Every structure is written in structure tokens, then in C-alpha cells.
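Worksheet for the structure shown next.
The values are calculated or read from the model by the stated rules, or taken from the named source; none is laboratory data. None of these values were measured; they are calculated from a predicted model. Cβ placement follows ideal geometry from the backbone for every residue including glycine, while neighbour counts extend to all protein chains displayed.
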């Protein structure tokens, strides 16, 4: 495999298209070993069966690598940049850091998938100029061809069994915009309109009452209250002074969203870890942390931020 | 220095969250009643400001009647704690679950704030 680290860009973000365990090991293990040989910190975040393949392939060197179960830590794609990738990269200040991040696997649902693509697209903006290499494996045998097409758009380089190809389709902003899909609300969703006149407490209590009725645990209800407080506060401060809270049950989840007339202009909002001394900027980060999935739509009708909690 | 912590309270519009802060009778600190949200942020910050200027160590916050605190409220608490002088620290008594949750997420292992159940 060509060692991508020899190129000039500071941030490197190749996709690896693999077919079967053998190609997976061939595409990842030498990448990890090259990093270790260069003295780079190496982290691997992937589904558990993939972690096992890499661990076995590394043998005794596995002890030098940080392994993360992406199906848990990265179940919400919106949390992968702050909670997995930057958490690892920021913990190792000096010199290049090398990461394998596999955020998309067969079994990601159609509800999760747009958030996965947006995450992959935003990695480029989040790490521009940083001495970081993030290799993203894609199961070319198990994923739809449309998923691979999207990976060509979100990665400047694609590696497969034939070698390394600069992507002629690389266009992260365009693909992120394409997956900025309007979010429909099912009939029967409970709805609460709030404005700036001090209704945040009632909005929160409304959500918690419905969340309890739909089966959330006590700790989940506490997270629900926090997330609703952050989103409704954002609407009052930045989203035309108020908005609409909706909550319903869907496919084993409690789904809650806040819609307002504002427009989200910072695509990395909620994905930047904040230094401990920074006074603000943690509201959306909190929502990304506590939720099992976050979906966002922003456009002319305003902004909707929708989060899922598994019952 | 004798800083007296007067009775602080928000004068909320209808439906709004309330927040009151009362000095503790027997030790340096405050008892806070209500909830910390956008609507009560001003009172919360004033209470923290007066608290951190009190003498005697450690400082205490009795929070068993605090029903809720948002992320910005916890951030204010952390910021206030960082301004404490060497050797001073803050004990928060019976905080709402959101306070410990937000501390664990954003300031794990933060010194200066001791949580007493």
C-alpha cells in the first residue's frame, strides 16, 4: 500500500474500499504499523468484528494502539468528530496522529445514513491544516454502490486493491448539502410552541412528561431535559426568539425536535470540543453527546434539530 | 471582610423559571431554590459572584431545592470556581442530576468542586 503520509497536505483523509476480511487486514494493519514505526499515536475506531481483525493482525503491537468500538462511541455520527476523532487527536499534541475511523457499516439505517455522510464530509473542514491522517474503511462488498459514490465525494483519495486514486468527485460541501434533507413529522406528534417570554421550563416539562409516557428511563429523561433546554435556549437566543418543540415515538426511539425560524450557518456547530476554560459553545455538543442520533435540517423554512433516544 | 449575601431573586414574567438565593445560616455559602435557565441566569451569576467573595473555607452551595440547571449554568459554576483563591474550594450539596452529568461530560475530574450527595 502506498503510504499516504509522504504527500504534502497536512490533513490526509483517504477512504479504503475493501472486500472481505483479507483485504481489510491488508489495508489497515500495514497502515497502523507504519504509523507506529514513525512514532505516531494510532487509534482505531471501527465495529467490534473489524477491531478484532486488526488486533489479530497486529499481534503484540496491538498493545500500542487505542481501540474504540465505533458502534457505541460513534452511534451518533454527530459525536464522532468531537468525541472520537478530536478526543484522540487533541490528546496527542505534538506530531502527526494516525486514526482509522469506520463510521459507516452495513446495518446503518436510512435514518442514520444522511448524518453519516455529513459527518464524513465535515471531517475535512474539522481537520484542515492539522497533522492528522484518518483512514476510513468502507465495506465495498456489503454496502450499496450509492454509499461508495458518496465516499468518493467525501474523501480526496480512495484506496482499493488496485492502489490509491485521487477522487475526481471530491466535493464535501456539495454532498453535505445534498443530505441536508427536510425532516418530516409523523401525524400525532405532540407539539409545544414556545417563545422568549419564559416558557423554557414548560417546554422542558412537556418533553419530559411525554418522554416518560413513551418509556424513557430516569437518566434518559434527565438527558432529554438537558437537550431540550439547550435547543430551546438556542432558539430563543439565535432562532427568531422562539420555536416549536415536537416529540413522538418511532421505531424503538423517542424522537424529539426543536424547529425555529433561524438558520444554522456554522456547519461544525456541535462538533468542536471546547477547551475547559471556554465560557460557552457546549449546547449542541451536549445534544450530540447524549443522543443516539442527531439529524439536522437547515434552510429557508428555518432550522430543525432532531435527536433520538433509544427506548 | 464581611460580605453579606442579600436575598436575591428573579422577578420572572408569567410561566418563567424562578431562582432565589439565600445565605446559609451557619456556614459560608448559599442555598439556591428554583432552576437555572436562560431566564434566571442573571440571578445565578450574581449569587455565584457573592458566594465566591465570601470568607471561610470551604464554601457551600445547598442545592437540594434546585430543580434544574442547564449547561450554561454549570459553565458559570465552573468559571466561578476557577476564580477561587488558592486553598479555597466549593462543596455542592445534593445537586440536581444535570449538574453532575454536565460536569462529567465537559469537566471530568475537575478540581475545586466537591459534590456531596
For residue B:77, which of the numbered conditions (1) assigned to a helix (DSSP H, G or I); (2) within 11 Å of chain A (Cβ to nearest Cβ); (3) buried (at least 21 other Cβ atoms within 10 Å of the Cβ) fails to hold?
(2)
Restricting the first residue to the stretch B:88-105 and requiring it to be at the interface with chain A (Cβ under 10 Å from one of its Cβ atoms), which pairs with a second residue that is assigned to a helix (DSSP H, G or I) and surrounded by fewer than 16 Cβ atoms within 10 Å (Cβ to Cβ) meet a Cβ separation below 8 Å and a spacing of at least six or different chains?
B:97/A:219
Every residue in the stretch A:27-37 that is out of contact with any helix residue (DSSP H, G or I) (no Cβ under 9 Å at 6 or more places or on another chain) and either touching a residue at least 40 places away in the same chain (Cβ under 8 Å) or not in a helix (DSSP H, G or I) (or both), please.
A:27
Test residue A:271 against the criterion of being in contact with a strand residue (DSSP E or B) (Cβ under 6 Å, 6 or more places away or on another chain) and away from chain B (no Cβ under 12 Å), and give yes or no.
no
Any residue in the stretch B:61-69 that is part of a loop (DSSP other than H, G, I, E, B), more than 12 Å from the chain's Cα centre (by Cα) and at the interface with chain A (Cβ under 10 Å from one of its Cβ atoms)?
no
Among residues belonging to the stretch A:77-98 that are touching a helix residue (DSSP H, G or I) at 6+ places or on another chain (Cβ under 6 Å) and over 19 Å from residue A:274 (Cα atoms), point out the one that is surrounded by the most Cβ atoms within 10 Å (Cβ to Cβ).
A:98
From A:37, A:10, A:26, A:62, residue being surrounded by fewer than 22 Cβ atoms within 10 Å (Cβ to Cβ) and at pLDDT below 95:
A:10
Is it true that residue A:203 is closer than 26 Å to residue A:118 by Cα and either buried (at least 16 other Cβ atoms within 10 Å of the Cβ) or within 27 Å of the chain's Cα centre (by Cα) (or both)?
no
Residue under question is residue A:222, and the condition is that it be at pLDDT 95 or above, assigned to a helix (DSSP H, G or I) and within 23 Å of the chain's Cα centre (by Cα); does it hold?
yes
Suppose the filter is surrounded by 16 or more Cβ atoms within 10 Å (Cβ to Cβ), without any contact (Cβ under 8 Å) to a residue 24 or more places away in the chain and within 14 Å of chain B (Cβ to nearest Cβ); does residue A:197 pass it?
no
Evaluate the stretch B:35-49: report whether one residue or more is modelled with pLDDT of 90 or more and assigned to a loop (DSSP other than H, G, I, E, B).
yes
Kindly indicate which of A:103, A:156, A:172 is touching a residue at least 24 places away in the same chain (Cβ under 8 Å), touching a helix residue (DSSP H, G or I) at 6+ places or on another chain (Cβ under 8 Å) and under 27 Å from residue A:252 (Cα atoms).
A:103
Scanning the stretch B:26-37 residue by residue, those crowded, with 21+ Cβ neighbours inside 10 Å and over 17 Å from residue B:113 (Cα atoms) turn out to be B:34, B:35, B:36, B:37
Tell me, yes or no, whether the stretch A:302-311 has at least one residue that is within 30 Å of residue B:80 (Cα to Cα) and under 14 Å from the mean Cα position of the chain (by Cα).
no
Can you report the number of residues in the stretch A:223-245 which are free of Cβ contacts under 8 Å to residues at least 24 places away in the same chain and either more than 8 Å from every other protein chain (Cβ to nearest Cβ) or crowded, with 19+ Cβ neighbours inside 10 Å (or both)?
1
Those residues that are at pLDDT below 95 and in a loop (DSSP other than H, G, I, E, B), I need them from the stretch A:188-213; list them, please.
A:188, A:195, A:196, A:197, A:198, A:199
